[in-house]
Each structure stands twice: as C-alpha cells, then as structure tokens.
1. Under 5 Å between amide hydrogens, which residues at least 5 positions from Ile44 or on another chain qualify, with H placed 1.01 Å from N in the peptide plane?
2. Go through Thr154, Asn134, Ile44 and say which Cα lies farthest out towards the positive end of the charge dipole of the chain; charges sit on Cβ, +1 for Lys and Arg, -1 for Asp and Glu.
3. Given R₀ = 41 Å, what would the calculated FRET efficiency be for Thr154 paired with Asp129, taking r from the Cβ atoms and rounding to 0.05?
4. Taking only C-alpha pairs under 8 Å that are 6+ residues apart, what is the relative contact order of the chain in percent?
5. Against the longest principal axis of the chain, how steep is helix 135-151, in degrees 0 to 90 to the nearest 10, with axes from Cα atoms?
6. What is the spread of the Cα atoms of region 97-172 along each of their three principal axes, largest first, in whole Å?
7. In whole Å, what are the extents of region 1-104 along the principal axes defined by its C-alpha atoms, from largest to smallest?
8. Go from 0 up to the bin containing the longest alpha carbon distance in region 88-134, width 10 Å each, and give me the % of pairs per bin.
Amino acid sequence: MRLGLKKDEVRLDAYNPEWRNEFDRVKNAIIENTNIADHRIEHIGSTAIIGMDAKPIIDILVGVDDISNFDERIVSGLKNIGFLRLKVQRPGEIVFARFTDEAYTVKTHFIHLAAYQKEFWNNLVFFRDYLNSNEDARLEYLKVKKAYLKMSSTGINDYTDHKEEFVKKIFELGKM
C-alpha cells in the first residue's frame, strides 16, 4: 500500500482494503497516546468508502467536547505519533497531518479534530455511511471526482470545490 500526496497533487488510487487496516493502526495509536475514547475516532473520507477510488490519504475524525477548549495533551499525544497541527483555518475543525518526509511535502494522513456529534461530525459520518450503503450515490461521486482529473492533476482546493455541490447535496439528505 502506497500512501501520500505531494502538496497540491490530486491523484486517485483504486480502493485498497489495507486503508481500513491502516486506520485501525492509527486509531489504536491515538487511543494509546491521548485521552480520546474509541467511539470518538472515525475513519472518514473516500478511503472509508468500500470500493471507492480515493486520494491515498487516510482521513480520521476525532471528536472532542469543545473544539475551542480541549485538553492540550491531545496535541502532544498526536505529535508523539507523528501528527503535526496545520495552520489550516476552518470553522469547527482543527487539522493535523502526518508526513513521510522531513521537508513536510508528502502527507499520508489527516486528523480532523471536531466537536463530537455536532453538525460537522454528523455530516462527515453520514456522508461516509450514505455512500457505503448507496451504490448509485457512490458511482455518482466517483464520476464527479474523475471528471476533475480529466481537467487537472493538481489544485487540491479546486478539486475540493469541484466536489462541493455533490457533498452538500448528501449532507442535506442527512438533515431530513
């Protein structure tokens, strides 16, 4: 299994069941190095969708009670297992990444620290679960992702923007 993308690189790899095993390994390391409970750690993103081609980066959702006031030992525990806090500013989320190189150019994992079972958390978990249980939605999402790659293999922000309408449509289904 080859994980990782360079800064601004966009590439999809065929689904790999090893992605789940890698998530499990990292989840256990998070539990051992922080005070985060097992049920507050979820595998999200396309690597968590069975059969989905995905960027070869493992996305992990970690829930805390209050995103603006959480135990700083979480940050040191994540650092112990190779995760660095990024300067990414997103509402309701703090992002950490693991890199393969000392120049910090190839990311292999993201941790999205968010308020447990609040809107952001619920949206991400619902998206994963909905696509895992709905083949038509899964195929439509893959089509959207591949359409971007026909245009470009760079521009991670543009890639995310390209998928936004589909993602928001699925989020709305979760609110019904």
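The values are calculated or read from the model by the stated rules, or taken from the named source; none is laboratory data. Note that the structure is a prediction, hence the values are computed from the model and not measured. Cβ placement follows ideal geometry from the backbone for every residue including glycine, while neighbour counts extend to all protein chains displayed. Note: accessible area is taken over every heavy atom of the protein model, side chains too, but ligands, DNA and RNA are not part of it. Shrake-Rupley method; radii C 1.70, N 1.55, O 1.52, S 1.80 Å.
1. Those qualifying (amide H under 5 Å, at least 5 residues apart or on another chain) are Asp59, Ile60, Leu61.
2. Sorting the options by dipole projection puts first Thr154.
3. Working from the Cβ atoms, E equals 0.85.
4. Result for the chain is 25 percent.
5. With rounding to tens, the tilt is 80 degrees.
6. 39, 36, 19
7. That works out to 38, 30, 26 Å along the principal axes.
8. 23, 38, 30, 9, 0
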